[in-house]
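**Q** Before we start, here is the structure in question, set down as structure tokens.
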Amino acid sequence: MNYMVNLFEKYGHFCADGSKANAFLKESIIPWMNDNPGGILLLNFANVQRMNSSFANALIGNSCYLFGFERIRVTDIKPDLKVIVVSALSYGLSLKEAEKQSKA
Amino acid sequence: MTTLKPSTTLKLSMCEEKDVPSFLSTLFSMNQSFCIDFSVSPFMIPFAILSLLIWIKTLQKHGNEIWVKNYKKCIYWQRMDFFKMVNIPINEHFQRKPGKGRFIPITLIKETTIQTGDFAEMFASNVAPDQASLDSPEQTGVYDYMCYAVSELVNNVLQHSRGQGFCFAQKYPRENKIRLAIADNGIGIKESLKDSPHYRDTDLGAIQKAIEPNVSGRAWKTVGTSENAGVGLSLLVEIAKITRGDYFILSGNALCSSQGNCQFNSSIQGTVCGFTFPIESVANKIFNNSILQDAKMKLNLLKNDDEKIFSEVFQ
């Protein structure tokens, strides 16, 4: 089962507002991912031209931290936006590792 | 009731990047009602202009009054809406022309009315490097850099400052540079880190901590539900270093900058950030895949094998 998010429809061609991404994460993504264990978050970047790190870290980095990158898929992304997504995933993974270390 | 004009006068003088510490030192010595003399109408970089603006607002908030004199011939400051932004009413004696391609005047950032992305693109299109690129500004690294920088800085103002924000940018064709400044009259960086494990008890310590990656955001509050990871400011400082530009961050009584760090005897209420970058260092580059990527690598926000690790994510 997939939860598909069309980012262009939701945020336009420039995904720039970290607070909006964070609100969407809390209100929609976290409840759906918790209700559907094993479900995949499918982020469709068709027509998205720009994104900043605040937005990517809030939405993708935190999703990666909470649910693992294995439950995230990205489609139709412009090649130059990939580096921002990879960096956000890396941020999410680093949060996970920091949490493991603090528990150990 | 008659209010006497203050005896202290600040005669504005030239302020380029190298002059910022001494300009701020002089500015902060005017720590009560004073008069600004615009008779020279000197060249001042946007960071210095917004620092003056925030200092005036700080003093006004504490009941001081600011006067201006010899401003009539000072068209530049009028055109940049400086007087309007500091609530000093004046009569304009010139005809306004659009600044497209050269500058965007001091613009208020209002949380209720702006979309961060739209605001950043408006700024970018107003300082695109030349006429050719205005036809398709999205093709230039300059446009991309401006979109990225303004959107990150606006996010900072909206998320952390709890104050009013101002943004200002100008292109300088002879120097082939763009200067961008953003300011707010909010709580300042030190106060915004108050409940954080990254808190520092001096303004300089707080600024230095805030430009480390993953500090100034709110990840420390509830890990995994942060508003962002606090990388915007650290990345922009790193980009300034990579592009051999300049950066300035003034908050409270401290300045952290490419021209050195200083602490002053007076404090502004809020934060002012300024960036200068040579156009040639970012033009004709795919910003995200070159300069931003390099900055992320240097700050260890991106590692060599990350793309391989996360390859299954991309379909």
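Please treat every number below as a calculation from the coordinates, not as lab data. Quick caveat, the model's predicted, so the values are computed rather than measured. Every residue, glycine as well, gets a Cβ built from its backbone with ideal geometry; the counts of neighbours run over all protein chains shown.
**Q** Which of the chymotrypsin sites (Phe, Trp or Tyr not before Pro) found in segment B:66-119 are in a DSSP loop and have at most 14 neighbouring Cβ atoms, other than their own, within 10 Å?
**A** B:Phe94
**Q** Grab the beta carbon distance between A:Phe8 and B:Arg244, set R0 = 35 Å, and tell me the FRET efficiency rounded to 0.05.
**A** 0.45
**Q** Can you list the aspartates and glutamates whose alpha carbon sits under 12 Å from that of B:Lys303, skipping same-chain ones fewer than 8 residues off?
**A** Result set, ordered by chain and number: B:Asp294.
**Q** Using a cut-off of 20 Å between alpha-carbon atoms, which lysines can reach B:Lys190, once sequence neighbours fewer than 8 places away in the same chain are excluded?
**A** B:Lys57, B:Lys61, B:Lys209, B:Lys221
**Q** Per-residue counts of other Cβ atoms within 10 Å, averaged by peptide: what ranking do you get for A:22-35, B:249-262, A:53-66, highest first?
**A** A:53-66, B:249-262, A:22-35
**Q** Here's another thing I want to ask about it. Could you work out how much longer the chain between B:Asp118 and B:Glu65 gets when fully extended? Use 0.36 nm per residue separation minus the Cα distance between them, nm to one decimal.
**A** Stretched out fully, the B:Asp118 to B:Glu65 stretch lengthens by 15.5 nm.
**Q** Karplus couplings for segment B:301-307 from phi (6.51 cos²θ - 1.76 cosθ + 1.60, θ = phi - 60°), rounded to Hz, Gly and Pro as x?
**A** 8, 8, 10, 4, 8, 4, 4
**Q** Continuing with the same structure: To the nearest 10 degrees, how steeply does helix A:79-103 sit against the main Cα axis of chain A, on a 0 to 90 scale?
**A** With rounding to tens, the tilt is 20 degrees.
**Q** From the mean inverse distance of alpha carbon pairs (Kirkwood) and the Cα radius of gyration, derive Rg over Rh for chain B.
**A** On the Cα set of chain B, Rg over Rh gives 0.98.
**Q** If amide H atoms are built 1.01 Å from N in the plane of the peptide, which residues on other chains or at least 5 residues away come under 5 Å of the amide H of B:Ile109?
**A** Here the answer is B:Gly165, B:Phe166, B:Cys167, since their amide H atoms fall under 5 Å of that of B:Ile109.
**Q** Give the cross-link partners of B:Lys171 among the lysines, using a straight C-alpha distance below 19 Å as the criterion and excluding same-chain residues fewer than 8 apart.
**A** Reachable lysines: B:Lys18, B:Lys97, B:Lys100, B:Lys285.
**Q** What 222 nm value per residue comes from the helices of chain B, counting each DSSP H run with n ≥ 4 as -39,500 (n - 2.57) and dividing by all residues, nearest 500 deg cm²/dmol?
**A** -9000 deg cm²/dmol
**Q** Report the convex hull volume per residue for segment A:2-103, counting only C-alpha atoms, in Å³.
**A** 92
**Q** If I take all pairs of Cα atoms in the protein assembly as shown, what percentage of them are more than 26 Å from each other?
**A** 54
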